[in-house]
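To keep things clear, I will list the structure first and then write my remarks on it.
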Amino acid sequence: MNKETQSIVVTLLGGLLISITLSHRFTSYVRPGFAPLLLIGGGILVLVGVVSLVLAIRSDAKDAKDAKKDKARATLTAPAPARHDHDDPAVHGDPHDHDHDKSKAPWLLLLPVLVLLLVAPPALGADAVARNASSQALAGVDVVARESSTSKDGAGGGGGYKFNDGSGSAADSTGSRRTMHFPALPAGDNPPVGMKDLILRALYDADNSVEGVPVTVTGFIAPAGDGYTDGYTVARIVISCCAADANPMQLHIAGDAPFPANTWVDAVVTVVPNTATMDNGYVPTVTVTSMTPVQQPDDPYEH
């Protein structure tokens with residue numbers, strides 16, 4: 001790969017980063033907070049690519065000019081050796097005259113750039129849920145059994161910490177199955193709640209803040225989760241950094257899906273108590289009051 005090709009590839013890669021960031025397509029791959037870094041990185045790549053291309057063109061022009069001068073000087077100072085027509089490259093061509101820098105293979109590196117520019121892959125959806133769904137429990141974490149706890153070993157008047165195997169079944173001194181406390185839900189009817197927040201409340205909330213309370217969640221239609229033989233799920237993908245660490249979060253709904261897979265919906269749902277178990281990956285069942293198709297959010301993932 002010659003220097004000009006390298007420079008063009010670097011410039012296009014930088015332009016791609018800037019393009020997917022300004023168009024907000026980058027949220028299909030990484031967290032929104034990475035936008036400034038992507039813009040800075042893309043700008044640096046474009047700058048480096050353009051400067052390298054200009055320097056490469058100037059260098060080639062200088063080399064060509066110097067070679068022309070050297071050839072003219074050699075022609076004037078040295079007699080041409082005798083040669084036969086069959087040795088003349090001008091007549092028969094030079095079998096060794098080829099330029100390794102003119103290979104077209106490096107240009108194949110541009111194909112991924114063009115694909116992302118013209119046909120950007122969508123955010124992870126129902127297929128990712130079917131492939132990657134696993135237990136929604138927070139396995140092996142220590143959580144506060146009671147807000148007044150003062151000791152990590154259970155000593156002291158507060159009841160202490162209790163080891164939680166992820167099932168939400170660790171009992172504190174009052175016999176509660178739930179071992180976490182959450183902020184109050186937003187005021188009003190059918191308050192909006194994140195998918196992850198709703199599932200954690202359903203599994204762990206010692207105050208039962210979502211028991212019998214209709215809430216609004218946003219997600220997409222996906223197949224029924226493991227442990228369920230009927231129904232469908234409303235799901236949302238949760239990422240920590242990028243799509244590579246995606247973790248599906250699901251709510252199970254009995255009956256036939258009212259919309260095709262990957263349709264985004266706002267659903268007013270109520271959690272059915274004690275339906276999330278080890279056998280179904282701790283996916284709680286919900287009843288649906290209403291479900292309305294919506295556009296995919298600007299950020300399709302939760303964090």
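The values are calculated or read from the model by the stated rules, or taken from the named source; none is laboratory data. For clarity, every value in this text was computed on a predicted model and none was experimentally measured. Note that we place each Cβ from the backbone using ideal geometry, even for glycine, and neighbour counts take in every protein chain shown. For accessibility, only protein heavy atoms count, side chains too; no ligands or nucleic acids. Shrake-Rupley method; radii C 1.70, N 1.55, O 1.52, S 1.80 Å.
Just a few scattered comments:
- Total residues in the range 256-286 satisfying the condition of being open to solvent by 40 Å² or more (accessible area, probe 1.4 Å) and of a type outside the set (A, V, I, L, M, F, W, C): the figure is 9.
- Of the residues in the range 230-241, none is on the phi > 0 side of the Ramachandran plot, within 23 Å of the chain's Cα centre (by Cα) and not hydrophobic (A, V, I, L, M, F, W, C).
- In the range 168-196, the residues that are closer than 21 Å to Glu302 by Cβ and modelled with pLDDT of 90 or more form Cβ pairs under 6 Å with partners that are among the small types (Gly, Ala, Ser) and part of a loop (DSSP other than H, G, I, E, B), at six or more places apart or across chains, as follows: Leu185/Ser209.
- Flag if Val54 is in a helix (DSSP H, G or I), surrounded by 14 or more Cβ atoms within 10 Å (Cβ to Cβ) and of a type in the set (A, V, I, L, M, F, W, C): no
- Note on the range 14-51: among residues that are hydrophobic (A, V, I, L, M, F, W, C) and surrounded by fewer than 14 Cβ atoms within 10 Å (Cβ to Cβ), the one that is farthest from Ala128 (Cα to Cα) is Val51.
- Residue in the range 291-298 that is under 14 Å from Leu124 (Cβ atoms), open to solvent by 30 Å² or more (accessible area, probe 1.4 Å) and modelled with pLDDT under 95 present: yes
- Pro260 fulfils the conditions (1) at pLDDT 95 or above; (2) in contact with a strand residue (DSSP E or B) (Cβ under 6 Å, 6 or more places away or on another chain) except for a single criterion, (2).
- Residue match in the range 218-238 (condition: surrounded by 22 or more Cβ atoms within 10 Å (Cβ to Cβ) and assigned to a loop (DSSP other than H, G, I, E, B)): yes
- Failed condition for Ala244, given (1) crowded, with 17+ Cβ neighbours inside 10 Å; (2) part of a helix (DSSP H, G or I); (3) of a type in the set (A, V, I, L, M): (1)
- If you go through the range 201-232 and pick out every residue that is closer than 22 Å to Pro293 by Cβ and either of a type in the set (Asp, Glu) or without any contact (Cβ under 8 Å) to a residue 60 or more places away in the chain (or both), you end up with 7.
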